[in-house]
Amino acid sequence: METKQTPLALDGVYDNIYAGFGPRLGSMLLDLVFVLPVSFAILYANRLGLYIHLVTLVPSLLFSLWYHVYLTKRNGGTPGKTVLNLKVIRIDGNPIGWREAILRHIVLFALTMLSTVMMVISIFQADADVFNSLDGDWLKQAQYLGSFHPNFNTFYMWATNIWVYSELIVMLTNKRKRAIHDYIAGTVIVKAQYAAKIWDTMYQPTSPEPEDGEGI
(Lines give C-alpha, C1' and ligand atoms only; values in the text may rest on other atoms or scores of the structure.)
Protein backbone atom coordinates (compact mmCIF):
# COMPACT_ATOMS: atom_id res chain seq x y z
CA MET A 1 0.00 0.00 0.00
CA GLU A 2 1.35 3.40 -0.97
CA THR A 3 2.24 5.64 1.98
CA LYS A 4 0.44 8.93 2.19
CA GLN A 5 2.63 11.98 1.74
CA THR A 6 2.19 15.44 3.17
CA PRO A 7 0.48 17.84 0.75
CA LEU A 8 2.55 20.36 -1.16
CA ALA A 9 0.15 23.13 -0.13
CA LEU A 10 -2.88 23.69 2.09
CA ASP A 11 -6.20 25.18 1.06
CA GLY A 12 -6.42 28.79 2.16
CA VAL A 13 -2.72 28.95 3.10
CA TYR A 14 -0.61 31.05 0.76
CA ASP A 15 2.61 30.60 2.73
CA ASN A 16 5.14 27.85 2.00
CA ILE A 17 4.33 25.22 4.62
CA TYR A 18 7.80 23.64 4.42
CA ALA A 19 11.03 24.87 6.00
CA GLY A 20 13.42 25.90 3.24
CA PHE A 21 17.09 26.83 3.23
CA GLY A 22 16.80 30.04 5.28
CA PRO A 23 14.83 28.68 8.27
CA ARG A 24 16.87 25.47 8.38
CA LEU A 25 20.17 27.37 8.28
CA GLY A 26 18.89 29.68 11.01
CA SER A 27 17.95 26.73 13.21
CA MET A 28 21.39 25.18 12.70
CA LEU A 29 23.11 28.43 13.72
CA LEU A 30 20.91 28.67 16.82
CA ASP A 31 21.75 25.08 17.73
CA LEU A 32 25.43 25.95 17.36
CA VAL A 33 25.00 28.84 19.79
CA PHE A 34 23.10 26.64 22.26
CA VAL A 35 25.79 23.94 22.36
CA LEU A 36 28.75 26.35 22.51
CA PRO A 37 28.93 26.40 26.35
CA VAL A 38 29.21 22.60 26.46
CA SER A 39 31.72 22.58 23.59
CA PHE A 40 33.91 25.19 25.30
CA ALA A 41 33.74 23.30 28.60
CA ILE A 42 34.94 20.12 26.88
CA LEU A 43 37.69 21.98 25.02
CA TYR A 44 38.85 23.58 28.26
CA ALA A 45 38.95 20.22 30.03
CA ASN A 46 40.79 18.49 27.17
CA ARG A 47 43.59 21.07 27.12
CA LEU A 48 44.51 20.19 30.71
CA GLY A 49 45.96 16.80 29.88
CA LEU A 50 46.25 14.13 27.17
CA TYR A 51 44.20 11.43 28.86
CA ILE A 52 41.40 13.77 29.91
CA HIS A 53 40.18 13.31 26.35
CA LEU A 54 39.22 9.75 27.31
CA VAL A 55 37.15 11.07 30.21
CA THR A 56 35.23 13.62 28.12
CA LEU A 57 34.52 11.37 25.13
CA VAL A 58 31.51 9.56 26.60
CA PRO A 59 29.79 12.66 28.05
CA SER A 60 30.32 14.43 24.72
CA LEU A 61 28.70 11.60 22.75
CA LEU A 62 25.82 11.31 25.22
CA PHE A 63 25.17 15.04 25.04
CA SER A 64 25.07 14.87 21.24
CA LEU A 65 22.54 12.03 21.34
CA TRP A 66 20.44 13.82 23.96
CA TYR A 67 20.42 17.05 21.96
CA HIS A 68 19.89 15.71 18.45
CA VAL A 69 17.89 12.53 19.08
CA TYR A 70 16.04 12.75 22.40
CA LEU A 71 15.01 16.41 22.08
CA THR A 72 14.01 15.89 18.46
CA LYS A 73 11.81 12.94 19.42
CA ARG A 74 10.28 14.73 22.41
CA ASN A 75 9.75 18.19 20.88
CA GLY A 76 9.64 17.49 17.17
CA GLY A 77 12.97 19.25 16.65
CA THR A 78 16.14 20.51 18.25
CA PRO A 79 15.94 23.70 20.35
CA GLY A 80 17.00 25.73 17.32
CA LYS A 81 14.06 24.41 15.31
CA THR A 82 11.68 24.94 18.22
CA VAL A 83 12.72 28.58 18.61
CA LEU A 84 12.15 29.21 14.90
CA ASN A 85 8.76 27.47 15.02
CA LEU A 86 9.78 24.49 12.86
CA LYS A 87 8.59 20.93 13.42
CA VAL A 88 9.85 17.58 12.20
CA ILE A 89 7.04 15.20 11.26
CA ARG A 90 6.83 11.93 9.38
CA ILE A 91 6.17 12.07 5.67
CA ASP A 92 2.76 10.51 6.37
CA GLY A 93 1.86 13.51 8.55
CA ASN A 94 2.17 11.79 11.93
CA PRO A 95 4.53 12.76 14.78
CA ILE A 96 8.02 11.24 14.68
CA GLY A 97 9.12 8.43 16.98
CA TRP A 98 12.46 7.06 18.12
CA ARG A 99 13.11 5.41 14.76
CA GLU A 100 12.83 8.67 12.83
CA ALA A 101 14.79 10.67 15.41
CA ILE A 102 17.65 8.16 15.33
CA LEU A 103 17.75 7.78 11.55
CA ARG A 104 17.84 11.55 11.03
CA HIS A 105 21.09 11.70 13.00
CA ILE A 106 22.58 8.34 12.02
CA VAL A 107 25.04 9.53 9.33
CA LEU A 108 26.50 12.39 11.37
CA PHE A 109 26.71 10.12 14.42
CA ALA A 110 28.55 7.49 12.37
CA LEU A 111 31.07 10.11 11.22
CA THR A 112 31.44 11.30 14.82
CA MET A 113 32.02 7.74 16.07
CA LEU A 114 34.62 7.15 13.36
CA SER A 115 36.40 10.35 14.38
CA THR A 116 36.17 9.34 18.04
CA VAL A 117 37.78 5.94 17.40
CA MET A 118 40.64 7.59 15.54
CA MET A 119 41.03 10.10 18.36
CA VAL A 120 41.36 7.29 20.92
CA ILE A 121 43.97 5.55 18.76
CA SER A 122 45.92 8.82 18.44
CA ILE A 123 45.79 9.42 22.20
CA PHE A 124 47.45 6.06 22.90
CA GLN A 125 50.08 6.75 20.24
CA ALA A 126 50.85 10.27 21.51
CA ASP A 127 53.50 11.26 24.03
CA ALA A 128 51.96 12.88 27.11
CA ASP A 129 55.05 15.03 27.71
CA VAL A 130 54.94 16.43 24.18
CA PHE A 131 51.19 17.05 24.49
CA ASN A 132 51.59 18.87 27.81
CA SER A 133 54.49 20.93 26.47
CA LEU A 134 52.07 22.68 24.12
CA ASP A 135 50.98 24.90 27.05
CA GLY A 136 47.27 24.23 26.79
CA ASP A 137 46.99 25.55 23.23
CA TRP A 138 44.04 23.42 22.10
CA LEU A 139 44.66 24.13 18.40
CA LYS A 140 48.27 22.93 18.56
CA GLN A 141 47.18 19.96 20.66
CA ALA A 142 44.56 19.02 18.07
CA GLN A 143 47.13 19.35 15.29
CA TYR A 144 49.53 17.14 17.24
CA LEU A 145 46.95 14.41 17.72
CA GLY A 146 45.86 14.73 14.10
CA SER A 147 49.43 14.30 12.88
CA PHE A 148 49.35 10.57 13.64
CA HIS A 149 46.74 9.86 10.95
CA PRO A 150 46.89 12.58 8.27
CA ASN A 151 45.20 10.35 5.67
CA PHE A 152 42.22 9.87 7.92
CA ASN A 153 41.95 13.63 8.47
CA THR A 154 41.81 14.14 4.70
CA PHE A 155 39.21 11.39 4.32
CA TYR A 156 37.11 12.79 7.16
CA MET A 157 37.19 16.29 5.70
CA TRP A 158 36.14 15.05 2.26
CA ALA A 159 33.43 12.75 3.64
CA THR A 160 31.96 15.54 5.77
CA ASN A 161 32.01 18.05 2.92
CA ILE A 162 30.42 15.60 0.48
CA TRP A 163 27.66 14.85 2.99
CA VAL A 164 26.94 18.50 3.76
CA TYR A 165 26.86 19.63 0.13
CA SER A 166 24.82 16.61 -0.95
CA GLU A 167 22.29 17.44 1.77
CA LEU A 168 22.08 21.02 0.52
CA ILE A 169 21.69 20.10 -3.16
CA VAL A 170 18.95 17.55 -2.45
CA MET A 171 17.08 19.95 -0.16
CA LEU A 172 17.09 22.69 -2.80
CA THR A 173 15.86 20.42 -5.57
CA ASN A 174 12.64 18.91 -4.21
CA LYS A 175 9.30 20.55 -3.46
CA ARG A 176 9.05 19.40 0.15
CA LYS A 177 12.56 20.71 0.95
CA ARG A 178 13.71 17.33 2.21
CA ALA A 179 17.42 16.72 2.77
CA ILE A 180 18.99 13.26 2.43
CA HIS A 181 18.57 12.51 6.13
CA ASP A 182 14.85 13.29 5.73
CA TYR A 183 14.60 10.64 3.02
CA ILE A 184 16.54 8.17 5.19
CA ALA A 185 14.24 8.78 8.16
CA GLY A 186 11.00 9.31 6.24
CA THR A 187 10.54 12.82 7.62
CA VAL A 188 9.92 16.38 6.53
CA ILE A 189 10.29 19.73 8.29
CA VAL A 190 7.26 21.99 8.28
CA LYS A 191 6.37 25.28 9.89
CA ALA A 192 4.89 24.29 13.22
CA GLN A 193 1.70 26.33 12.87
CA TYR A 194 0.67 24.15 9.91
CA ALA A 195 1.43 20.71 11.41
CA ALA A 196 -2.08 20.15 12.79
CA LYS A 197 -3.74 21.36 9.60
CA ILE A 198 -1.54 19.06 7.54
CA TRP A 199 -2.74 16.09 9.60
CA ASP A 200 -6.35 17.22 9.38
CA THR A 201 -6.09 17.58 5.60
CA MET A 202 -4.66 14.08 5.29
CA TYR A 203 -6.82 12.20 7.78
CA GLN A 204 -9.89 14.23 8.80
CA PRO A 205 -12.94 12.57 7.28
CA THR A 206 -14.77 14.85 4.90
CA SER A 207 -18.49 15.39 5.21
CA PRO A 208 -20.43 13.46 2.55
CA GLU A 209 -22.24 15.40 -0.11
CA PRO A 210 -25.97 15.69 0.74
CA GLU A 211 -28.29 13.64 -1.41
CA ASP A 212 -30.98 15.36 -3.46
CA GLY A 213 -33.56 16.86 -1.15
CA GLU A 214 -31.39 16.69 1.98
CA GLY A 215 -30.53 19.84 3.81
CA ILE A 216 -33.37 21.76 2.18
Hey, among the residues in region 109-133 that are surrounded by 16 or more Cβ atoms within 10 Å (Cβ to Cβ) and touching a residue at least 60 places away in the same chain (Cβ under 8 Å), which one's nearest to TYR70 (Cα to Cα)? MET119
Scan region 54-105 residue by residue and report those that are within 20 Å of PHE21 (Cβ to Cβ) and of a type in the set (Ser, Thr, Tyr). THR72, THR78, THR82
Considering (1) modelled with pLDDT under 95; (2) within 19 Å of the chain's Cα centre (by Cα); (3) more than 30 Å from MET202 (Cα to Cα); (4) of a type in the set (A, V, I, L, M, F, W, C), say which one PHE34 fails and leave the rest. (1)
Given (1) of a type outside the set (S, T, N, Q); (2) touching a Ser or Thr at 6+ places or on another chain (Cβ under 9 Å); (3) surrounded by 15 or more Cβ atoms within 10 Å (Cβ to Cβ), index of the condition GLY26 fails: (2)
How about region 11-76: which helices (runs of 4 or more DSSP H) wholly inside it have at least 2 residues that are free of Cβ contacts under 8 Å to residues at least 12 places away in the same chain, in contact with a helix residue (DSSP H, G or I) (Cβ under 9 Å, 6 or more places away or on another chain) and of a type in the set (Gly, Ala, Ser)? 21-46
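From the list GLY136, GLY146, which one is at pLDDT below 90 and either under 29 Å from the mean Cα position of the chain (by Cα) or more than 25 Å from LEU65 (Cβ to Cβ) (or both)?
On the way: GLY146 fails: at pLDDT below 90.
Result of the check over GLY136, GLY146: GLY136.
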Contact list, first residue from region 148-164 and touching a residue at least 40 places away in the same chain (Cβ under 8 Å) and surrounded by 12 or more Cβ atoms within 10 Å (Cβ to Cβ), second anywhere and assigned to a helix (DSSP H, G or I) and among the small types (Gly, Ala, Ser), beta-carbon distance below 8 Å, six or more apart or interchain, is TYR156/SER115
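From the list ILE169, ILE216, pick out the single residue that is at pLDDT 95 or above and β-branched (Val, Ile, Thr). Explain how you work it out, then say what you get.
On the way: ILE216 fails: at pLDDT 95 or above.
Going through ILE169, ILE216 in turn, the sole match is ILE169.
Okay, residues lined up against (1) more than 17 Å from ALA128 (Cβ to Cβ); (2) surrounded by 15 or more Cβ atoms within 10 Å (Cβ to Cβ); (3) modelled with pLDDT under 95; (4) among the acidic types (Asp, Glu):
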| site | (1), (2), (3), (4) |
| --- | --- |
| ARG47 | no, yes, yes, no |
| VAL58 | yes, no, yes, no |
| HIS68 | yes, yes, no, no |
| LEU71 | yes, yes, no, no |
| ARG74 | yes, no, no, no |
| GLY80 | yes, yes, no, no |
| LEU86 | yes, yes, no, no |
| ARG90 | yes, yes, no, no |
Of the residues in region 180-203, those that are free of Cβ contacts under 8 Å to residues at least 40 places away in the same chain and surrounded by 18 or more Cβ atoms within 10 Å (Cβ to Cβ) number 0
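The values are calculated or read from the model by the stated rules, or taken from the named source; none is laboratory data. Please read all numbers here as calculations on a predicted model, not as lab measurements. Methodologically, a virtual Cβ is constructed for each residue, glycine included, from the backbone with ideal geometry; neighbour enumeration extends over all protein chains shown.
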